[in-house]
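Below is one structure, written out as structure tokens; the observations come after it.
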Amino acid sequence: VEMPPLRLRPQPQAGCGNATLWISIGVAVPSSAAATFYNNWLLVEAPYPLLVTLAQLLVLLVCTQVARHTTGLFTAVGLAKDMPWGPYILQLSLVSAALTYSLVLSNVALANIPLSAIRMLGSSRLLWFGIGMLFYGYEPSARSLSIHVAVCAAALVLVCLSSANGGPSGVGIASQIGSDVLGSLVCLAAATCLTKGLGRQASPSTHGPGGPPVLLSMPVVVCHAAPMACVMCFFTWAVAESYDTDWEQVYRVGLPAFVINGFLGFAALLCNAVVAQLAPLPVISLASSATDAIVATGGVAILSEKICWGGIVGMVLGWASSFLYRRSREEPVVQEKGSAVRYARGEWVPQDQVPSMAETGDIVLFTSTPSFTPKGIGSAFVRLGTFATYDHVGLVFKNGGQVFLIESLAEGVSVSQWHHFLEQGWHKDYSRVVLRKLSWPAGGRAGQGGTSFGLRGRATLEAFAEGVKGKSYGLNLCALVCGGSSKGWNDAGRTYFCSEIVAEGYKFLGLLPPKACAARYVPGDFAEGRYLGLPHGASLGSELKIYFPGRWEGFDQAVEFGLRCF
């Protein structure tokens, strides 16, 4: 497999100085604000959130389907066409439910609290999106994201306290928070469900200079999800609201008002999707903040709403956190230097080059593929509980040119050859696999003097692998929290967690103190950016992402979609 240097994400179609971009922002911001004000007016005239949501979804269904069949707007709409109908419907049902009830809760909030309070609450939605990124394993810098999550949590507390003092309904505040949570889930679940065909259609490894990868967009998600969402909303309305609806009041408002409201929502959706496709990530945050500011200011100036200083401070904190987070994700493009590829963070390394690159003491980190299976959920909670991108780790040792991986799995501790990973299809269980190379002291790998650190380490690790092979898998919670373990590494009753066995192996190599508690290490401790304090001048290098043929290649496109649309 010959791989060119790849970008972590496709670059935007236009730069910051492009007139098309600023025209798009100039249209998207007022159209989003206009849709919000009109929707608020409609809910005042016809206070039936479920009925208004049903009308919105019906208009979105018609508009997206017409646009799909008459224009080239939705070039990525067939991403999931190769999926069987059963799995496709099951996976799409989550997206449809999240879309439906996100709109429902948003309309409930509009009917109960001021527009300014809604926008202040919505400014901290990075909190929910960030937690979701960790849950799905999309975030390559989990510790950095945790800082933004903490800032947004503080912003949300400030806004909630100021809103509660202002007297808005607690139901409205809870509804808006629920809407933000489900809105983030729409992005993350859609990225998981609808990008699986993306690698086959426009893989980064196959497109030429003139053919960038097709990106998923929010209108495409709505096009997929609107039919099922309409059905869900109709049944919810029939059960919960239809018997209390005053049809005379609805007739006075008129059907055109409901249709116009849906058209305005579709126009805002389309305009924001254009900005999301064209703009750099920080500019998307600025455009979203501008919409929030216009709506909040309009609520105060036109509707005479009261706004508290605590809410303003919270809203500014939310804006700043979102802007800085997206700005930090605009990573430099990996470039080619001569005929050799400069390995850097975010670049793919073909899996068939791993045997020639890997050496004893290197580690391999894994992020499990997002799924709602017990394994997928368990892996997600490992990432959330440790604020880390990775939920599994293995230790490499090399013997006679063969690369072996020491892992602790649910079936127990195994020592398997690297080529089995591809042959058995184990790579399909993971959405991200990275290699971190161990740098030994000078002369350690060359074997100078006959007693080099590298040669001693290799022999020790082989003996360690033989001793732990077949031991049971287990997580010692007491040792993880409190430290200390009375059992030796080869005791009959000793169990190993995945990161525990890597730490124990590093103790054998002399890279961790002999008295260190191996059970206190988690997979994220071996990720880039974490400090292990390796002695003797040893260090772990940058993360090199490993490419497997036939693997789900839409993962980075899913990250891109989420970052642009949350």
Among Ala388, Phe404, Ser414 - extreme Cα towards positive end, dipole of segment 383-438, charges at beta-carbon: Ala388
Charge context of Ser379, other residues only, Cβ under 12 angstrom, K/R +1, D/E -1: +1
Loop-resident sites, segment 350-411, for GluC sites (Glu not before Pro), counting at most 14 other Cβ within 10 Å (DSSP): Glu411
Counted charge near Val275, where neighbours are those whose Cβ lies closer than 14 Å (Asp, Glu -1; Lys, Arg +1): +2
Those residues of segment 491-513 whose amide nitrogen sits under 18 Å from the label point placed on His536, 7 Å along Cα→Cβ: 502-513
Residue-by-residue Karplus 3J(HN,Hα) for segment 113-127, coefficients 6.51, -1.76, 1.60, Hz, glycine and proline x: 10, x, 4, 4, 5, 4, 5, 5, 5, x, 5, 9, 5, 4, 4
Rounded, prolate or oblate (a/c below 1.5 giving rounded, otherwise prolate when a/b exceeds b/c) for segment 260-312 by Cα gyration tensor: oblate
FRET E, pair Phe381, Val66, Förster distance 56 Å, beta-carbon r, rounded to 0.05: 0.85
Listed residue pairs exceeding 29 Å between alpha carbons, taken from Lys437/Lys515; Lys428/Lys507; Lys375/Lys469; Lys398/Lys545: Lys428/Lys507
Net charge, Ala296 excluded, C-beta distance under 14 Å - Lys, Arg +1, Asp, Glu -1: 0
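Bear in mind these aren't lab numbers, they're just calculated from the coordinates by the rules spelled out. This one's a predicted model, so the numbers in the text were calculated from it and none came from an experiment. As a convention, Cβ positions derive from the backbone with ideal geometry for all residues, glycine included, and neighbour counts pool all protein chains shown.
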